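Every read-out reported here was derived from the displayed coordinates using simple, explicitly stated rules and does not represent laboratory data. From a predicted model like this one, the values you see are computed outputs, not experimental measurements. Cβ atoms come from the backbone with ideal geometry, glycine included; neighbour counts cover every protein chain shown.
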Amino acid sequence: MDGNRVFGSGLALLGHRGLGRGTVDGVLENTLESFLAAVALGIDWVEVDVRRTADDRLVVAHNPANADGVFYADMTGDRHGALDLSVLLEALPPGVGVDFDVKTAMEDATRGRAETTMAQLASVAGREAGRRPTLISSFDAGALDIAREVAPAVPRGLLTWVEFPIGQAVAMAGHLDVQVLAPHWGSLRPNDREPMELQRPLGYVVDMVHASGREFLAWCPTVKFAQQLLDAGVDALCVNNVPKAIAALRGELAAV
């Protein structure tokens, strides 16, 4: 990394769930094949969804339940069918950044802070930070505070959801102990929550995040909107289709 910056001096591209959400080029999301395919294309970082099973294994899965409707929090042994986080981290080449997107489970509400999903993951992230760039991100501000306690040297990012009011997101991140604000791209254009007359220009939003001392990671933009984000000066993009994004943005990436 460049100094204390999370994403370095140029634009960083993160592969969402590996090569991208769903199935991209015949490769299913959140599988080892998907992550390694993204790495083979030269991706800077991968975004990894992390959940916890009933027997305290960390697995790579986006939804709280599998395709059969069984919750990962209720599973033990190898029944989950998901990629073990330890297997992924062993296979990823050192130097490839990992954004751990920690999915807080409802069951964490009844656990002590040191026994939560985030506490378990933060210990893993702290070890990984010695051989690769790392970021712990979450929609759960309380979980991010636990990450700070367990692995204070690992940067933290606040995720905000689809069409979450961007002004609130910027202000919230500015007063939390995080290094990155990561809004969904739907918050950055006119939407049902905030029509055009209620939105600041995109450049103003990005500048405000930077003025607060935070870096800006936008997730899941279309390729067309990704260009607007680049022009506005964002630090990183988490993209849904890595091959398409790299092909479309190749010239811009070479210039940064």
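At-a-glance table
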item: Of all residues in segment 175-231 being in contact (Cβ under 8 Å) with a residue 60 or more places away in the chain and assigned to a strand (DSSP E or B), the one that is nearest to Pro152 (Cα to Cα); result: Val180
item: Residues within segment 31-52 that are of a type outside the set (A, V, I, L, M), crowded, with 22+ Cβ neighbours inside 10 Å and not in a strand (DSSP E or B), tallied; result: 2
item: Of all residues in segment 16-30 being of a type outside the set (D, E, K, R), out of contact with any Lys or Arg (no Cβ under 9 Å at 6 or more places or on another chain) and outside any strand (DSSP E or B), the one that is farthest from Ala236 (Cα to Cα); result: Gly26
item: Cβ-Cβ under 7 Å pairs, at least 6 apart or on other chains, segment 33-57 side without any contact (Cβ under 8 Å) to a residue 60 or more places away in the chain and within 13 Å of Ala82 (Cα to Cα), far side part of a helix (DSSP H, G or I) and of a type in the set (Ser, Thr, Tyr); result: Thr53/Tyr72
item: Residues (buried (at least 17 other Cβ atoms within 10 Å of the Cβ), touching a His at 6+ places or on another chain (Cβ under 8 Å) and of a type outside the set (S, T, N, Q)) located in segment 219-241; result: Trp219, Cys220, Cys238, Val239
item: Set Val27, Val39, Val6: member being under 21 Å from Trp219 (Cβ atoms) and under 14 Å from the mean Cα position of the chain (by Cα); result: Val6
item: Index of the failed condition, Arg79 passing every other in (1) basic (Lys, Arg); (2) assigned to a strand (DSSP E or B); (3) over 18 Å from the mean Cα position of the chain (by Cα); result: (2)
